[in-house]
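Everything on this sheet refers to the single structure shown next.
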Amino acid sequence: MLRIGIIGCGNIASTLANTMLQMADRIRIEAVASRDKAKSEEFASRFNVSKAYGSYTELYEDKDVDLVYVATPHAFHASQMIEALEHGKNILAEKAFCINAAEAEKVFALAKEKKLYVAEAIWTRYMPSRKMINDIISSGRIGRVTTITANLGYKIIHKPRISDPALGGGALMDIGVYPLNFALMAAEGDTIKSISGLAVKSDKGVDLRNTINIVFESGVSASIFSDAECVSDRKGMIYGTEGSIEVTNVNNPERIRVYSADRNPQLLETIEIKHEINGYEYELDAAAEAIRNGKTEPEAMPWRETLRVLRLTDAMRSVWGIKLGNELNS
């Protein structure tokens with residue numbers, strides 16, 4: 001039984017808590033913490049959690065907590081994870097894992113020293129749909145992959161965590177990481193040759209929307225965008241010399257369609273994607289299995305991939321002149 005302590009009591013924490021309750025045969029919510037104890041008590045009441053703390057440190061000191069699930073704004077992740085690791089806790093942290101790669105490197109170095117599990121909870125990396133897509137590509141059904149496109153847009157700029165640079169705001173770090181990860185998974189094993197991009201910034205200095213273009217060493221190209229002001233079709237496309245793959249919703253794949261390479265493409269196959277619960281169970285099961293086997297990182301999202309994504313977002317934000325979180329003080 002993996003005993004989890006949750007820090008942060010927002011929407012994503014509620015979603016994960018509901019998932020955990022449906023995994024009661026293997027996971028238990030041991031405690032919850034917020035800087036506002038009234039919030040943690042309300043959360044604990046809703047999800048039948050016995051311990052509600054008014055500080056994160058109290059939760060880290062709870063000897064009955066095996067893993068800390070970090071559901072706070074990502075501007076605070078690095079310092080919170082470092083403190084949790086110092087208290088001997090394993091960690092599953094929401095995306096974006098940290099503000100930048102330098103922060104993540106410090107977290108991973110400490111986790112390695114402490115021999116503790118740390119993982120980024122970007123759920124699409126853990127889902128069965130990832131293997132389904134990669135199996136179609138590796139089978140040769142669509143021939144040699146040439147181009148990948150992906151987009152994600154939601155009307156969320158009004159939310160403080162998106163609009164405020166101090167909280168790590170902007171489209172890229174909150175939703176842009178999904179199409180970025182989609183492209184990297186579709187081109188799994190390929191090395192990036194070059195990357196470029198453009199962004200439109202708000203008056204507060206975060207990106208409202210952005211486009212990123214990647215060229216891989218194999219010659220595969222990827223074009224992605226994210227937008228915090230509009231709802232997009234959320235579609236991912238993988239084009240090959242002998243056909244294509246269409247993925248409905250790169251944020252939470254719902255359907256995979258395989259098409260022929262005809263001028264008017266013919267639908268060859270449709271795969272409807274279903275989950276045991278809601279899709280979040282896979283990252284939780286991965287954490288439980290890894291900890292049980294003494295591993296410090298998950299196979300689905302190893303530390304090198306978290307760092308790879310953050311180095312790409314670092315590079316783009318540097319070009320765009322966007323500073324977030326603690327970077328604002330430098």
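Here are a few things to note about the model shown:
- Ranked list, fewest to most other Cβ atoms within 10 Å of each Cβ, for MET81, MET132, MET1, MET20: MET1, MET132, MET20, MET81
- Answer label for Rg/Rh (Cα atoms, Kirkwood Rh) (calculated), chosen among (1) 1.06; (2) 0.97; (3) 1.00: (2)
- Sequence of HIS158, HIS74, HIS87, HIS275 once ranked by neighbouring C-beta atoms within 10 Å, starting from the fewest: HIS158, HIS275, HIS87, HIS74
- Local charge for GLY321 was computed over the other residues whose Cβ lies under 12 Å away, with Lys and Arg +1 and Asp and Glu -1, and equals +1.
- Order of VAL247, VAL319 - criterion: other Cβ atoms within 10 Å of each residue's Cβ, fewest first: VAL319, VAL247
- Rounded if a/c under 1.5, otherwise prolate or oblate - segment 161-246, Cα gyration tensor axes: prolate
- Cleavage-rule hits (trypsin sites (Lys or Arg not before Pro)) in segment 14-112: DSSP loop, at most 10 neighbouring Cβ within 10 angstrom: LYS63
- In a DSSP loop and with at most 16 other Cβ atoms within 10 Å, the trypsin sites (Lys or Arg not before Pro) in segment 258-294 are ARG263, LYS274.
- 19 Å Cα-Cα reach of LYS201 towards lysines, excluding residues that sit fewer than 8 places from it in its own chain: LYS155, LYS159, LYS323
- Rounded if a/c under 1.5, otherwise prolate or oblate - segment 1-112, Cα gyration tensor axes: prolate
- Look at the alpha carbon pairs under 8 Å that are at least 6 residues apart: their mean separation over the length of segment 128-274 gives a relative contact order of 28 percent.
- Amide H contacts of ILE91 (H built 1.01 Å from N, under 5 Å, at least 5 apart or other chain): VAL68, TYR117, VAL118, ALA119
- For the chain, the relative contact order works out to 17 percent when only alpha carbon pairs closer than 8 Å and six or more residues apart are counted.
- One chain, two ends: ASN48 and SER139. Fully extended at 0.36 nm per residue, the span grows by 28.1 nm beyond their Cα-Cα distance.
- Cross-link pairs exceeding 25 Å between alpha carbons, from the set LYS37/LYS115; LYS39/LYS112; LYS37/LYS204; LYS131/LYS235; LYS37/LYS295; LYS39/LYS235: LYS37/LYS115; LYS39/LYS112; LYS37/LYS204; LYS37/LYS295; LYS39/LYS235.
- Centroid-to-centroid, using Cα positions, segment 283-330 and segment 57-100 are 13 Å apart.
- Dividing the summed helix terms, -39500 (n - 2.57) for each DSSP H run of n ≥ 4, by the number of residues in the chain produces a 222 nm estimate of -9500 deg cm²/dmol to the nearest 500.
FYI, it's all coordinate maths here, none of it is from the lab. None of the values given here were measured: they were computed from a predicted structure. Please note: Cβ atoms are built from the backbone with ideal geometry, for glycine as well, and neighbour counts cover all protein chains shown.
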